[in-house]
């Protein structure tokens, strides 16, 4: 098999082929994106093996030892020798687990299968260690400690993996980390695939519907092949499954469209004039599929972004609590109504949530919005007026310094929003979106964003959209940090309105 590897294929954790059928760039990228997770899993394994060995050593020799003599037991030559072999055991277990593929855990691997793999890995490692002890001629190291450590390690390594799996399955069942799937082809193969994915929701797939060659009365058909772009945007599709048979040109066109739309694409294997060169092969419910294109997900970067959100939001809520309290009292004295305004907003993938703000308008402001729609100073669906008559006296000051946004730190802490991202729009504005506008909902909305620090006074909705999409396309953790640093002087400059 020759030819250049496509620059856009990707193997994510748990999606490695069961055998090295295709090699090349995909394999390299899997190392880049999977390495932090694999190191984390290996560290946990090594820790549990070490704890297991030390615990068995203590039960064998330390029980009944006076408190003052416990340190001497571990610090003695006898204790240090056992500790050295326990550390060697940890390293051997990690190497054997890696050889068993235990650091890439696909969701369709069952508990019993994974536990048997752990038994095999720990068994081989323990056997090798026993041989090392015999070969060294060392008669002082207790075989009971080594064997007991192996047995306990099997239980601990299988146990933490089972707990991790249950945690991930609960998150999937709650809708977190779910990929929305569009199946091209409503023949028997497409329906069988859809049924299998729906019966195994723990794998993280949600079937939106089908694309068909011609209307056939199927209630789940969302359109024809030509409707891929509008259907994918309207239904927030993450991945495309092509169920053959189709002619090659149709598949090639869809592969190019999927790449433009940043969709993952899975297909029953065929080479398709080179589109599938070096693409990784794996199984989904008994169907052999190849990744022709998968959008890279910066897992480590997103985890750090979430950690930054939680830490800064927690600190911010503590520091700004007195300011929020004083502002809430001022609002209640200035005009009748609640101090906190909680309104539905549209977040990532079109999910609705309640967004919290300090109230800066009269209590019934939403009821007057449509009557003022004609005076909107923004082109497009977003409503904004420089001199909105609904804004209260204290509201003007709060908006000027963006203090009304402080309660949204609660939304950030809860995970509805992020510190940085496109601003959340009201539900009625969302109803006026075009299909292209929906792309700004591919990420969580933010407390601040690129538009706030570069074109805050620009009334153009198109400019707003362009900056939001530029942020999404070029996201990095460093970009978030730069936007946050630029937001601080913008707030003190009092440019809000």
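The values are calculated or read from the model by the stated rules, or taken from the named source; none is laboratory data. This is a predicted model, so every value here is computed, not measured. In this analysis, Cβ positions are derived from the backbone assuming ideal geometry, glycine residues included, and neighbour counts consider all displayed protein chains.
A few points about this structure:
- Checking each residue in the stretch 350-386 for being within 29 Å of the chain's Cα centre (by Cα) and at pLDDT 75 or above picks out 350, 351, 352, 353, 354, 355, 356, 357.
- In the stretch 320-357, the residues that are surrounded by 14 or more Cβ atoms within 10 Å (Cβ to Cβ) and on the phi > 0 side of the Ramachandran plot: 337, 349
- Residue in the stretch 2-10 that is buried (at least 19 other Cβ atoms within 10 Å of the Cβ), closer than 30 Å to residue 260 by Cα, assigned by TED's automatic domain parsing to the domain that holds residue 141 and at pLDDT below 85 present: no
- Residues (at pLDDT 70 or above, assigned to a helix (DSSP H, G or I) and touching a strand residue (DSSP E or B) at 6+ places or on another chain (Cβ under 9 Å)) located in the stretch 259-288: 259
This table checks each residue for (1) in a helix (DSSP H, G or I); (2) more than 14 Å from residue 425 (Cβ to Cβ); (3) assigned by TED's automatic domain parsing to the domain that holds residue 427.
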| residue | (1), (2), (3) |
| --- | --- |
| 316 | yes, yes, yes |
| 321 | yes, yes, yes |
| 325 | yes, yes, yes |
| 328 | yes, yes, yes |
| 331 | yes, yes, yes |
| 338 | no, yes, yes |
| 341 | no, yes, yes |
| 345 | no, no, yes |
| 353 | no, no, yes |
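- The helices (runs of 4 or more DSSP H) found wholly in the stretch 394-497 and carrying at least 3 residues that are under 27 Å from residue 338 (Cβ atoms) occupy 408-414, 427-430.
- Scanning the stretch 198-212 for residues that are surrounded by fewer than 14 Cβ atoms within 10 Å (Cβ to Cβ) and touching a strand residue (DSSP E or B) at 6+ places or on another chain (Cβ under 8 Å) yields one hit, 198.
- Among the residues listed as 473, 436, the single one being under 21 Å from residue 238 (Cβ atoms), exposed (fewer than 14 other Cβ atoms within 10 Å of the Cβ) and under 20 Å from the mean Cα position of the chain (by Cα): 473
- Filtering the stretch 172-205 to residues that are outside any helix (DSSP H, G or I) and out of contact with any helix residue (DSSP H, G or I) (no Cβ under 7 Å at 6 or more places or on another chain) leaves 174, 175, 176, 179, 180, 185, 186, 187, 200.
- Checked against (1) modelled with pLDDT under 75; (2) under 27 Å from residue 419 (Cβ atoms); (3) in contact with a helix residue (DSSP H, G or I) (Cβ under 6 Å, 6 or more places away or on another chain), residue 295 meets all criteria but (3).
- Search result, residues across the stretch 129-149 that are under 14 Å from residue 83 (Cβ atoms) and touching a residue at least 60 places away in the same chain (Cβ under 8 Å): 140, 141, 142, 145, 146, 149
Each row is one residue, and each column tells you yes or no for (1) under 30 Å from residue 59 (Cα atoms); (2) in contact with a helix residue (DSSP H, G or I) (Cβ under 8 Å, 6 or more places away or on another chain); (3) crowded, with 16+ Cβ neighbours inside 10 Å.
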position	(1), (2), (3)
102	yes, yes, yes
115	yes, yes, yes
147	yes, yes, no
150	yes, yes, yes
163	yes, no, no
170	no, no, no
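- Scan the stretch 48-65 for residues that are at pLDDT below 85 and under 20 Å from residue 93 (Cβ atoms) and the total you get is 4.
- When restricted to residues that are assigned to a loop (DSSP other than H, G, I, E, B) and in contact with a strand residue (DSSP E or B) (Cβ under 7 Å, 6 or more places away or on another chain), the stretch 217-239 contains 6.
- Residue in the stretch 153-167 that is within 30 Å of residue 234 (Cα to Cα) and either in contact (Cβ under 8 Å) with a residue 24 or more places away in the chain or not assigned by TED's automatic domain parsing to the domain that holds residue 224 (or both) present: no
- Test for residue 219: is it surrounded by 15 or more Cβ atoms within 10 Å (Cβ to Cβ), at pLDDT below 85 and more than 17 Å from residue 284 (Cα to Cα): no
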